[in-house]
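Bear in mind these aren't lab numbers, they're just calculated from the coordinates by the rules spelled out. Note that the structure is a prediction, hence the values are computed from the model and not measured. Here the Cβ positions follow ideal geometry from the backbone for every residue, glycine too, while neighbour counts run over all protein chains shown.
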Amino acid sequence: MTKEDLEFFRQLIQAKLAELSQEFHEQELNSRSEAEQVSSEDRSAYSLHMADRGTDAMEREKNLLFAQRADDYIEYLQEALNRVEDGTFGVCRVCGGEIGRPRLEAVPTATQCIGCKSKQAKAPQQT
């Protein structure tokens, strides 16, 4: 991969990291405001219906799941950035071949070429 390609992907990954960081910050602010709202509702003279509390709990759980997924993706992006820095970005970890540029543009965290990834997907899952 050329230096220009590596610089392109470095910028692409850094842009995705900045975008995720902004989304993560907004989600944190929303979670805090929801938590404050819940605590103020707990002090109200009217009790919430059990179904409403269940829905709220499910929404909080869903938000935590999304936050965990975003955190995992940030970690994958950081690893990809490290591979850009050490010059191994775009090299398949299985066969050592080149991962195609279109695949890397679509999935900058890819560590396998399409051929190896397809073989892995078709292989029977071991339990």
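A full extension of the chain between residue 94 and residue 64 corresponds to an added length of 7.5 nm, given 0.36 nm per residue minus the alpha carbon distance. Length available on full extension from residue 49 to residue 6: 0.36 nm per residue minus the Cα-Cα distance, which gives 10.0 nm.
Modelled this way, with points 7 Å down the Cα-to-C-beta line, the labels at residue 57 and residue 101 are 5.3 nm from one another. Distance between the 7 Å Cα→Cβ label points at residue 121 and residue 22: 3.1 nm.
Amide H contacts for residue 91 (H built 1.01 Å from N in the peptide plane; partners 5 or more residues away or on another chain; cut-off under 5 Å): 99. Listing 2, 88, 109 from fewest to most neighbouring C-beta atoms within 10 Å gives 2, 88, 109.
Would you mind ranking 116, 95 by Cβ crowding within 10 Å, fewest neighbours first?
Numbers: 116 17, 95 13.
With the sparsest Cβ surroundings first, the list reads 95, 116.
Net charge in the neighbourhood of residue 111 (other residues with Cβ under 12 Å of its Cβ; Lys, Arg +1, Asp, Glu -1) is +3. The residue 15 and residue 85 beta-carbon pair, evaluated with R₀ = 25 Å, returns a calculated FRET efficiency of approximately 0.90.
Hey, fewest Cβ within 10 Å first, where do 71, 5, 86 land in order?
The order, fewest Cβ neighbours first, is 86, 71, 5.
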